[in-house]
1. Just to verify a result, which residue in segment 71-87, among those that are surrounded by fewer than 21 Cβ atoms within 10 Å (Cβ to Cβ) and either in contact with a Gly (Cβ under 8 Å, 6 or more places away or on another chain) or among the aliphatic types (A, V, I, L, M) (or both), is farthest from Gln300 (Cα to Cα)?
2. Identify, please: which residue in segment 233-278 is of a type in the set (Val, Ile, Thr) and without any contact (Cβ under 8 Å) to a residue 40 or more places away in the chain and is, among those, nearest to Ser18 (Cα to Cα)?
3. Out of Asp263, Asp307, report the one residue that is of a type in the set (D, E, K, R), surrounded by 12 or more Cβ atoms within 10 Å (Cβ to Cβ), away from the ligand (no atom under 16 Å from the Cβ) and under 20 Å from Phe196 (Cβ atoms).
4. Answer yes or no as to whether Ser283 is polar (S, T, N, Q), touching a residue at least 60 places away in the same chain (Cβ under 8 Å) and in contact with an Asp or Glu (Cβ under 7 Å, 6 or more places away or on another chain).
5. Which condition number in (1) surrounded by fewer than 24 Cβ atoms within 10 Å (Cβ to Cβ); (2) more than 28 Å from Ala154 (Cα to Cα) is the one that Asp219 fails?
6. For segment 205-216, how many residues are away from the ligand (no atom under 12 Å from the Cβ) and surrounded by fewer than 22 Cβ atoms within 10 Å (Cβ to Cβ)?
7. Considering segment 229-265 alone, what residues qualify as being out of contact with any helix residue (DSSP H, G or I) (no Cβ under 6 Å at 6 or more places or on another chain), closer than 30 Å to Tyr24 by Cα and not hydrophobic (A, V, I, L, M, F, W, C)?
8. Which residue out of Val297, Val324, Val302 is crowded, with 20+ Cβ neighbours inside 10 Å, within 24 Å of Thr378 (Cα to Cα) and modelled with pLDDT of 95 or more?
Amino acid sequence: MTDDNAEARRVPDPILQSNPKAGYLAHREEIDAALLRVANSGWYILGQEVEAFEAEFAAYHGLAHAVGVASGTDALELALRGCGIGPGDAVFTVSHTAVATVAAIERCGAVPVLIDIDPETYTLSPDALAQALKEWRGPRPAAVLPVHLYGQVADMPSILDIAAKHGLRVIEDCAQAHGARLAGRLAGTWGDAAAFSFYPTKNLGALGDGGAVITGAADISERVRELRQYGWRERYVSAVPGLNSRLDEIQAAVLRVKLKYLDAANQSRRRIADAYRSALSGSGLNVPASTGDAFHVYHQFVVRADDRDRLQAELRQAGIGTLVHYPQPVHRQPAYAGRLAYGDLRQSEAAASSVLSLPLYPELDGESVSRVASTILTLIGHR
Ligand SMILES: *Cc1c(COP(=O)(O)O)cnc(C)c1O
């Protein structure tokens with residue numbers, strides 16, 4: 001045996017930060033059958049699969065309506081427009097989020113106003129929202145768009161109180177929170193409407209792009225349904241100016257399989273998070289709080305470290321993939337810097353410079369989780 005082989009045997013496999021292929025392989029036969037069913041059906045856009053998925057996704061949430069669309073970004077834009085939000089309106093949201101949240105607000109013609117986060121939950125701070133509404137002198141405050149970041153539901157009881165007081169619509173960004181709960185109530189069932197993404201790495205992921213709007217209101221659902229297909233109320237007749245944003249049959253068929261396993265996948269994520277938390281508590285690293293009322297579904301397990309970039313580089317060297325969600329808050333990004341409305345965003349800026357998302361996907365095995373935790377402990381023990 002050569003030295004090269006001995007070396008190769010000592011290097012463990014790299015650990016991926018996310019692994020959508022593992023989610024496919026876990027249900028390969030069922031997914032393959034679904035793909036073939038669509039291919040053989042001869043019907044590829046807005047057919048039985050989308051209709052069935054919409055019914056199943058609505059039922060999962062105990063709501064009357066779900067509308068499949070082409071992406072999470074589109075779902076946000078259409079949910080806003082479905083709620084009547086547009087030019088002349090201000091929409092209050094966070095800066096510590098995927099840019100898609102803010103992009104969707106601008107695409108519907110409204111003005112985004114960025115609010116700081118609670119540093120424990122990384123979600124919209126109700127106190128900061130109340131303060132911003134008191135001081136706001138711009139376009140009419142029309143809606144609040146909380147983001148259930150990393151898989152944790154924002155403080156919806158407080159946000160709904162404030163929204164009621166100011167006559168705001170509530171649109172939830174659930175792109176990272178499929179199946180998450182607060183006080184037993186699912187993400188997406190608190191507001192007027194909610195937007196989901198089915199990007200492959202999300203808790204419910206397709207084999208491509210996809211999204212959905214859910215709502216209990218028939219009029220919002222009807223408007224979103226028209227808008228996703230050229231503003232048609234009847235075929236070839238546009239009642240309103242719409243767009244093309246359809247979930248396709250193949251993605252809907254895949255999502256129908258994966259929806260059946262969503263709760264089990266979220267339980268796996270929670271088990272992995274518990275393992276990380278117990279291995280890393282007492283290490284000095286800040287780990288996510290686990291509060292009694294929250295059913296966190298750990299789209300990400302996010303730790304905080306002052307020397308985050310160094311830790312990330314050292315983990316990469318050890319074959320462990322991590323990501324930063326997100327390295328720059330939206331108000332600092334080139335496309336938005338200097339032209340968005342916001343107040344004090346110090347918690348958002350502090351988060352952007354210290355957060356690190358560890359490897360986490362439902363199929364990640366216990367041995368890998370232990371290796372990630374012990375590598376981190378060794379690295380920070382040597383500081
Ligand atoms: C992924 C994501 C989106 C956008 O979803 P796409 O399907 O990529 O358009 C929006 N908001 C948040 C918080 C996300 O994580």
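1. Of all residues in segment 71-87, those surrounded by fewer than 21 Cβ atoms within 10 Å (Cβ to Cβ) come to 84, 86-87.
Checking which are either in contact with a Gly (Cβ under 8 Å, 6 or more places away or on another chain) or among the aliphatic types (A, V, I, L, M) (or both) leaves us with 86-87.
Details: Gly86: 32, Pro87: 34 Å.
Looking at the filtered set, the residue picked out is Pro87.
2. Here is the first cut: in segment 233-278, the ones of a type in the set (Val, Ile, Thr) are 237, 240, 250, 254, 257, 272.
Subset that is without any contact (Cβ under 8 Å) to a residue 40 or more places away in the chain: 237, 240.
Working: Val237: 43, Val240: 40 Å.
The residue in question is Val240.
3. Working: Asp307 fails: under 20 Å from Phe196 (Cβ atoms).
The match here is Asp263.
4. On the way: polar (S, T, N, Q): yes; touching a residue at least 60 places away in the same chain (Cβ under 8 Å): yes; in contact with an Asp or Glu (Cβ under 7 Å, 6 or more places away or on another chain): no.
So Ser283 fails the test.
5. If we test Asp219 against (1) surrounded by fewer than 24 Cβ atoms within 10 Å (Cβ to Cβ); (2) more than 28 Å from Ala154 (Cα to Cα), just (2) comes out false.
6. Let us first name the residues in segment 205-216 that are away from the ligand (no atom under 12 Å from the Cβ), namely 207, 213-216.
Now drop any that are not surrounded by fewer than 22 Cβ atoms within 10 Å (Cβ to Cβ), which leaves 207, 216.
The number of residues fulfilling the criteria is 2.
7. Gln229, Asn244, Arg246, Asp248, Gln251, Lys258, Lys260, Tyr261, Asp263
8. On the way: Val297 fails: within 24 Å of Thr378 (Cα to Cα); Val324 fails: crowded, with 20+ Cβ neighbours inside 10 Å.
The match here is Val302.
The values are calculated or read from the model by the stated rules, or taken from the named source; none is laboratory data. Everything quoted here is computed from the prediction, not taken from an experiment. A quick note on method: Cβ atoms are made from the backbone with ideal geometry, for glycine too, and the neighbour counts reach across all protein chains shown.
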